[in-house]
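Below is one structure; the comments refer to it alone.
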Amino acid sequence: MTSSAIQVAHLSKQYRIGEQVEKYQTFREAVSRLWKAPIRRLRRGREERRTIWALQDVTFEVERGQVLGVIGRNGAGKSTLLKILSRVTDPTGGEVRLNGRVGSLLEVGTGFHPELTGRENISLNGAILGMKRGEIERKFDEIVEFAGVETFIDTPVKRYSSGMYLRLAFAVAAHLEPEILVVDEVLAVGDAEFQRKCLGKMDDVARQGRTVLFVSHNMSAILQLTQETILLEAGRLTQRGPSAAVVDNYLAAGFAQSGERVWTEAEIGPQAGLFHPLGLRLRDRNGRIVDTLRSTEPATIEIAYRLDRPVNALRIGIYLATLRGELIITSFDTDDPDLYQRFAARPAGSYISRCTIPADLLNEGRYVIGVNASSFRIQRYFQDERALAFNVDPTGAPGMHWPEQRLGMIRPRLDWKIEPYAAD
Amino acid sequence: MTVSQSLAPVKTETLVIRPARGWSALNLRDLWVYRELVYFLIWRDVKVRYKQTALGAAWAILQPLLQMIVFTLLFGNLAQLDSDGAPYPIFAYTALLPWGLFSKALADAGRSLVLNRTMITKVYFPRLIIPIASVISGLVDFAIAFVVLLGLMVYFGVRPTPAVWTLPFFVLLALISALGAGLWLSALNVIYRDVGYTIPFLTQFWFFLTPIVYSSQEVSGTWQWLYALNPMVGVVDGFRWALLGTDSAPGTMAAISAGIAILVLISGLFYFRRMERTFADQV
């Protein structure tokens, strides 16, 4: 017996490109493919190029009781790794040994039904996550309290605010007690207060001596929760070491310095389907593509994309975050009600969504722009939380006459007044 | 520090994940471990089914009842179809009851995987649970509609035959038939969404290939053997025989029906198991 909880050996996963892109095949296609099968076999070489390796020869072990972080860019294979470990999908090659009961959290609220009450959804979701009925009943009060939804527990969750919904969903998941926990970035939901609560809960889990595999884009969370981290790049494990070193390495490398970002086929991933990102650019006041902004000048973020088919309710979002992953702004191109109405359906074609970052907003430092394209509550086409990094130069910003580092992420020019004060 | 029970020596089970190829074992033990999930999914289906409807569970009664009235007017009165000596309304209803169970179970099972795709792509559990739960949840509607049958029998003065105790077997046969076909259809529907569109047509054809508006006695000669390949023939004949005492006692034909149903079920199980490995990537 070894003391490892997770042993991954030469793990590989191959996806056929188009498997998810076309969403589904039709009988007619299948029949015609059958017909063409002999010809296709002759052209095998061409066929093989239409596959991608989401994971290639990944080998690592996780000791019992260890919390291991997994980081990497989009399309690096993190999600695929989690899906294999949680048995959602089969590997193409290699082997995984899991010594102990596994619980996985790839998403919170799986199987939640809007018509059911909070109480009913706790039972259902618990069962889906693999809890026994007695276990759910025992933890019921704790879950409700953690979520803070006592008063609404017998209300259908479709009447919940999105915050309440997420809190309840996370609360159920957080009370799962497996020996091995596999967690995707479920912490990136909810308000700051709730995120803190979630991180605290994760910390508890780790302290209880359970094994955790934790995937996140939030470098602060990775540093806080893990001692060791592995880095995945293009499906391969390229580094394993103390979290601080791996995170630094990851942050230092790989960012486009040019103020422009384009994506390769593998990075876009098969799930994008009809949405095809063409590029993300950062422009200064004069329209030049830059990688350093002046804090005192407005700037423009633009994302160009192509829709292969008409898309309903599409929204293109940008996330502005610090280098360590703390989110500052989330904004969507159809936030404005008028634009939302006008672009309820977007015909196929190429588009550019553009927004202005006002002057006097960001403090000195290095920031990251993330991109997201989705139809709300329907489908996510594309997401890259770390698409492009840029610097902010503070020259001329408020308070520059004091040569000290100004704390905080934003540095707005507040309207100060100093007046005589007559106390009477 | 809370380093308590979790460090206690636990009998750890080792789970090995490997690429599987070809046909695999059914692994029904896994299904047993997850039996509570089956229960919860059925419970969810039943709870949600008639939410936000004004009539609620009355729909379970209204559907077969209205069908019965239409068929009685159309086929009983107008077309004067033979009803084996029983009053036509009850003749139709005894068939509509198992047919409703079967067709609903088939339709629900066929679409079940696609409807539950978020679960399939995010959590592991034996995928078989989903179609099984949707088939079984049809039993609730069946039970409600059955009460109406009792009322009809009292009204028409029909006394059940001594063979009424065999009814559960025919219900089981209907469920087996629906699950077998449902497994094939649901797995195919993941890859080819065309299947979802063909299910309504399929059930419509199947409806007329089953002795619901007419009596199976009308089918004669060599056709009978072909006819018996439809497991629902055995089910409907069995229902009428057990409840109304019609001359359709289960014999060789019913045995063929049952055999076919079991064959479809077993092949469906294996096909499903083979396909389920890629459900998450394809659904």
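Key figures for this structure:
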quantity	calculated
Student exercise, chain B dipole from Lys, Arg, Asp, Glu Cβ charges, in Debye to nearest 20	1140 debye
Interface A:B - total buried accessible surface [probe 1.4 Å, Å², rounded to 100]	4700 Å²
Farthest positive-ward along the protein assembly as shown dipole, Cα basis, beta-carbon charges - from A:Ile318, A:Ile328, A:Gly77	A:Gly77
Proximal aspartates and glutamates to B:Lys122, defined as alpha-carbon separation beneath 16 angstrom and excluding residues fewer than eight positions away on the same chain	A:Asp90, A:Glu107, A:Asp184, A:Glu185, B:Glu276, B:Asp281
Whole-percent carbon and sulfur share, accessible surface of the protein assembly as shown, 1.4 Å	58 percent
By accessible area with a 1.4 Å probe, ligands and nucleic acids excluded, highest first: order of A:Met219, B:Met253	B:Met253, A:Met219
Length-normalised contact order for region B:167-275 - Cα pairs under 8 Å, 6+ apart - percent	42 percent
Cα gyration tensor of chain A - equivalent ellipsoid semi-axes, whole Å, descending	36, 31, 25
Whole-Hz couplings from phi, Karplus 6.51/-1.76/1.60, listed for region A:333-348; x for Gly and Pro	5, 10, 4, 6, x, 5, 5, 4, 5, 5, 10, 4, 10, 10, x, 4
Fraction of antiparallel bridges per DSSP, chain A only, in percent to nearest 5	75 percent
Leading residue at positive end of dipole, the protein assembly as shown (Cβ point charges), from B:Phe125, A:Ser243, B:Thr198	B:Thr198
Descending principal axes extents, the protein assembly as shown, alpha-carbon based, whole Å	104, 71, 60
Ranked by how many other beta carbons lie within 10 Å on average, peptides B:177-183, A:51-57 from highest	B:177-183, A:51-57
Simple Cβ-charge dipole of the protein assembly as shown, Lys/Arg +1 and Asp/Glu -1, about Cα centre, in debye nearest 20	1720 debye
Dipole magnitude (debye, nearest 20) for region B:172-283, charges at Cβ of Lys, Arg, Asp, Glu	280 debye
Cα long-axis angle, helix B:231-244 against chain B (0 to 90 degrees, to the nearest 10)	50 degrees
Which listed pairs, of A:Lys83/A:Lys158; A:Lys78/B:Lys47; A:Lys13/B:Lys104, have C-alpha distances above 31 Å, in listed order	A:Lys78/B:Lys47; A:Lys13/B:Lys104
Heavy-atom accessible area per residue - the protein assembly as shown, 1.4 Å, Å²	48 Å²
Region B:77-215: C-alpha pair distances exceeding 28 Å, %	28 percent
Packing rank of B:55-63, A:145-153, where each peptide gets the mean count of other beta carbons within 10 Å, highest leading	A:145-153, B:55-63
Positive-end extreme of charge dipole, region A:265-304 - chosen from A:Leu278, A:Thr300, A:Ile268 (charges on Cβ)	A:Thr300
Mean Cβ count within 10 Å, highest first, over the residues of peptides A:333-339, A:67-73	A:67-73, A:333-339
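The values are calculated or read from the model by the stated rules, or taken from the named source; none is laboratory data. No experiment lies behind these values; they were computed from the predicted model shown. Glycine also receives a Cβ, built like all others from the backbone with ideal geometry; neighbour counts cover every protein chain displayed. For accessibility, only protein heavy atoms count, side chains too; no ligands or nucleic acids. Shrake-Rupley method; radii C 1.70, N 1.55, O 1.52, S 1.80 Å.
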